[in-house]
Amino acid sequence: MCGIVGYIGNRQADELIIKGLERLEYRGYDSSGIAILNGALKVHKKQGKVAALRAIVNEHDTTGTLGIGHTRWATHGEPNDINAHPHLGGRGRLALVHNGIIENYGVLKNALMAEGHTFESDTDTEVLVHLIEEIQREGNLSLEEAVRLALNRVEGAYAIAVIDRENPDILVGARKASPLVVGIGEDEFFIGSDASPFLDHTKKVVYLDDNQIASISRTKGLKIKNTANETQPPFIQELDLQIEALEKDGYEHFMLKEIHEQPQTIVDAMRGRISSKDGLVYLRGIEEFANRFVRANRIIIVACGTSYHSGLIGEYLIEDLARIPVEVEYASEFRYRNPILNEGDIVIALSQSGETADTLAALELAKQKGAMIYGIVNSVGSSIARLTDAGSYIHCGPEIGVASTKAFTGQVTVLTILALSLAQKLSTISNTELQQYLRELELIPEKVREVLEENDHIRYIAQEIKNHDNALYLGRGYNFPVALEGALKLKEISYVHAEGYPAAEMKHGPIALIDENMPVIVMATNPSAYEKIVSNVQEVVARKGRVIAIVNQGEKAISKIADHIIEIPATDEPFSPLLSVIPLQLLSYHIAVELGRNVDQPRNLAKSVTVE
Ligand code: F6R
């Protein structure tokens, strides 16, 4: 996590960097800092949001055309002013910002302390900048060379940006397993954890690869080497991303904006991939590897958090429609449990950010073991997207609210298309069924729009139940992973404890929790388990639980006994998660707002989890 920004050019760097940090705040927001070079290094750091840093910078002279900035999500050392980045080398010559973890920092720190170094902070980052500065001093080296030699002694993950008080014409960035992108403007360059900090200035970018070091000079431009000292030509890309995508567009929070974008983002995820008119279902990644997919022994889906929940829906979809066995694993468990994999297996990674450390490591393991690896990713050019053999973007645009919403429905949409495409190739559904499914899928964006019209009603329910300390989410079949996702959404942004369960599991334990203080949110939209769900709701009502039921329009039995109902349009069962998750997103959003939580930046969380 953590966000990095750097600038070198002819304009004042401070405002560009602070504005860039505000765009990157989704990556971490417990403290931030800036270093500007103008003869001396001017460093300001502050615990709290970037707004606190801005206030300090406004009171000081920070003129200068070269600088770096950082917004932090603490790993080593509590969030405070001292542990905030940038950190300085032992002699105050270098300033450095870092995203990632230096795993061998203890060994390095001891060695440096034995040579007389003292450290102000508890961070691994301060050790790294001391190391680089020491190597530079001993060998009288350029900044770039000192960075290269130091990185050869470092284990772990990093994206860094470094500046040198003795050389006002150089900004150095490097990465390994944490993202870093260089923006190329007219006589100016930017560095960012992603392109959002500089999107209003340039769309020309170079995504650094692992072990690459970019040295950027106003006069000599951008040069890239790897840590083995080989020069590498920069691969310049033009981004197709609009600045409006990074604004709230009149909504109070990014999360609410992103929830409301879903009718469009689902269309974007489908675009060019399905057509009921032509019976078309087409995912380029699948077409390229069609033989591998149709002969696959097994598909294993690896992911974390919300992406794991869409993976579970993927399991239901692929097994139900295409009859290929699927397993879904938390990436963090998969990578450490010596999984059995062979060449007939396909491993699919789901990730919004494309940078989640555990998912990336799980994929690397799968690749080593000879499995084909496929990515379903939102962030274009991200590490997972570049590691995979093939894949499909979900095309949702930037998701800035820390709680994932539109990426979830984007992932489920692509998984649905993937399942239908495999079903077509394997003839596990007939052409008539396929046509029918495609027709219904095309209606989903409009049905999502209809669900969004329930917003005011859902806000009212949120006001009614906001003061409960717990909640239970129940669903069966395709709606079970949706129950897990609803509970996660509530936990992460409102800090209310919530659990998701398959509805029938309730009687094996959780039913003991039910009394008048337990809101139970039930998804009861799917015909195949409808009667059973009605019975489950009756069991809750009999114990005085407060039932909030998501039902199909016109439903009768549950509507009579539930405390609140949210009616949504009916759809084919495999597509039901795309509709039933929307009220749950809105419910957690409104409860969090009612409780006065910071919806877009909940405590302790960060959008992109690039540490293990
Ligand atoms: C929850 C949430 C997280 C992410 C998880 C994986 O709302 O956003 O649980 O889903 O950290 O992130 P990605 O999808 O970027 O790999």
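The values are calculated or read from the model by the stated rules, or taken from the named source; none is laboratory data. Treat the numbers as computed from the prediction; the structure is a model and nothing was measured. Every residue, glycine among them, receives a Cβ derived from its backbone with ideal geometry; neighbour counts consider all protein chains shown. Areas reflect the complete protein model, heavy atoms only, side chains present, ligands, DNA and RNA absent. Shrake-Rupley method; radii C 1.70, N 1.55, O 1.52, S 1.80 Å.
Going through the cross-link list 176/607; 507/556; 45/406, which pairs have a Cα-Cα distance over 27 Å in this structure?
On the way: 176/607 19 Å; 507/556 24 Å; 45/406 34 Å.
Those over the limit are 45/406.
Dividing the convex hull volume of the Cα atoms of region 453-605 by its residue count, what figure in Å³ per residue is obtained?
On the way: hull volume 15.7 nm³, N = 153.
Looking at region 453-605, the number lands at 103 Å³ per residue.
Express in whole angstrom the spacing between the alpha-carbon centres of region 221-249 and region 442-473.
Cα centres, region 221-249 to region 442-473: 40 Å.
If we restrict to alpha carbons, what Rg and Dmax does region 397-455 come to, in Å?
Rg then Dmax for region 397-455, in Å: 14.4, 41.
Applying the Karplus parametrisation 6.51 cos²θ - 1.76 cosθ + 1.60 with θ = phi - 60° to the phi angles of region 234-240, what ³J(HN,Hα) value in whole Hz is obtained for each residue in order, glycine and proline being reported as x?
Working through the residues one at a time gives x, 9, 8, 10, 9, 7, 10 Hz.
With the alpha-carbon atoms as the only input, what is the per residue convex hull volume for region 3-245 in Å³? Walk me through the numbers before you get to the answer.
Details: hull volume 26.7 nm³, N = 243.
Normalising the Cα hull of region 3-245 by residue number yields 110 Å³.
What are the lysines whose alpha-carbon lies under 20 Å from the alpha-carbon of residue 42, with same-chain residues fewer than 8 places away excluded?
Straight-distance partners of residue 42: 19.
Considering all projection directions equally, how large on average is the shadow of the alpha-carbon convex hull of region 156-232, in square nanometres?
Values: hull surface 21.2 nm².
Approximately 5.3 nm², given one-decimal rounding.
Let's see if you can work this out: charge +1 on each Lys and Arg Cβ, -1 on each Asp and Glu Cβ, no other charges. What is the dipole magnitude of the chain about its Cα centre, in debye to the nearest 20? Spell out each step's value before the answer.
On the way: 60 positive and 83 negative charges, 89 e Å.
So the magnitude is around 420 debye.
With the dipole of region 3-245 worked out from charges on the C-beta (+1 for Lys and Arg, -1 for Asp and Glu) around the Cα centre, which of 127, 16, 63 lies farthest toward the positive end?
Among 127, 16, 63, the one farthest towards the positive end of the dipole of region 3-245 is 63.
Working from the alpha-carbon coordinates of region 287-351, get Rg over Rh, Rh being the Kirkwood radius. Write out the running numbers ahead of the final one.
Values: Rg = 11.7 Å, Rh = 12.1 Å.
The Rg/Rh ratio comes out at 0.96.
So which of 491/544; 46/220; 109/225; 489/560 end up more than 32 Å apart by C-alpha?
Working: 491/544 23 Å; 46/220 34 Å; 109/225 27 Å; 489/560 27 Å.
Result: 46/220 exceed 32 Å.
Under the rule a/c < 1.5 gives rounded, and otherwise a/b versus b/c splits prolate from oblate, where does region 248-451 land using the Cα gyration tensor? Each step should come with its number before you reach the end.
Values: a/c = 2.00, a/b = 1.11, b/c = 1.80.
Oblate, since a/c reaches 1.5 and b/c is not below a/b.
Straight-line reach from residue 204: which aspartates and glutamates have Cα under 12 Å away, leaving out those fewer than 8 places along the same chain?
Counting by Cα, and skipping residues close in sequence, residue 204 has these aspartates and glutamates nearby: 186, 188, 238, 240.
Over region 249-325, what number does the Rg to Rh ratio reach, with both radii from the alpha-carbon atoms and Rh per Kirkwood?
Values: Rg = 16.1 Å, Rh = 15.2 Å.
Ratio of gyration radius to Kirkwood radius for region 249-325: 1.06.
Roll a 1.4 Å probe over the protein heavy atoms and report the accessible area of residue 396 in Å², nearest 10.
10
Determine the relative contact order of the chain: mean sequence separation of Cα pairs under 8 Å and six or more apart, normalised by residue count, in whole percent.
Over the chain, the number comes to 12 percent.
Which trypsin sites (Lys or Arg not before Pro) in region 313-405 sit in a loop by DSSP (not H, G, I, E or B) and have at most 11 other Cβ atoms within 10 Å of their own Cβ? All intermediate terms of the calculation are to be shown ahead of the outcome.
Working: sites: 323, 335, 337, 367, 369, 386; in loops: 323, 335, 337, 369.
Passing sites in region 313-405 are 337.
Give me the tail of P(r) for the chain as a percent: Cα-Cα pairs with distance above 36 Å. Working shown, then result.
Values: 74643 of 186966 pairs.
Of all Cα-Cα pairs in the chain, 40 percent lie more than 36 Å apart.
Run the dipole for region 518-586 about the Cα centre, Lys and Arg Cβ at +1, Asp and Glu Cβ at -1, nothing else charged, and hand back the magnitude in debye, nearest 20. Mind dumping the intermediate values first?
Values: 6 positive and 7 negative charges, 69 e Å.
Charge dipole of region 518-586: 340 debye, to the nearest 20.
Mind checking which of 519, 553, 509 is farthest towards the positive end of region 453-605's charge dipole, using Cβ charges of +1 (Lys, Arg) and -1 (Asp, Glu) about the Cα centre?
Among 519, 553, 509, the one farthest towards the positive end of the dipole of region 453-605 is 509.
Run the 1.4 Å probe and let me know the accessible area of residue 358, rounded to the nearest 10 Å².
20
Could you tell me which residue out of 362, 280, 35 lies farthest along the dipole of the chain toward its positive end? Charges go on the beta carbon: Lys and Arg +1, Asp and Glu -1, centred on the Cα centre.
Farthest towards the positive end: 362.
Could you tell me what percent of the DSSP beta bridges with both partners in the chain are antiparallel, to the nearest 5? Don't skip to the end; give the middle numbers.
Values: 66 of 107 bridges.
Rounded to the nearest five, the antiparallel share is 60 percent.
Going by accessible area, probe 1.4 Å, with all protein chains left in place, what is the ranking of 421, 559, largest first? Let's see the in-between values first.
Numbers: 421 0, 559 35 Å².
These residues rank, largest area first, as 559, 421.
Treat region 354-437 as a sphere of radius equal to its Kirkwood radius over Cα pairs and apply Stokes-Einstein at 20 °C in a medium of 1.002 mPa s; give the translational diffusion coefficient in µm²/s, rounded to a whole number.
D, rounded to a whole number, is 149 µm²/s.
On the full set of protein chains, 1.4 Å probe, figure out the accessible area of residue 395 and give it in Å² to the nearest 10.
Its accessible surface works out to 90 Å², give or take rounding.
Could you pull out every one of the aspartates and glutamates with an alpha carbon less than 16 Å from that of residue 532, ignoring same-chain neighbours closer than 8 positions?
505, 555, 573
Suppose accessible area is computed on protein heavy atoms with a 1.4 Å probe; arrange 607, 45 from highest to lowest. The partial results should precede the final answer.
Details: 607 25, 45 50 Å².
So the residues, ranked largest to smallest area, are 45, 607.
Heavy atoms only, probe 1.4 angstrom, no DNA, RNA or ligands counted: give me 235, 293 ranked by accessible area, highest first.
Working: 235 145, 293 0 Å².
The ranking, largest first, comes out as 235, 293.
Can you pull the Kirkwood radius for region 450-510, inverse mean 1/r over Cα pairs, to one decimal in Å?
Details: mean 1/r = 0.0801 Å⁻¹.
One decimal place: 12.5 Å for the Kirkwood radius.
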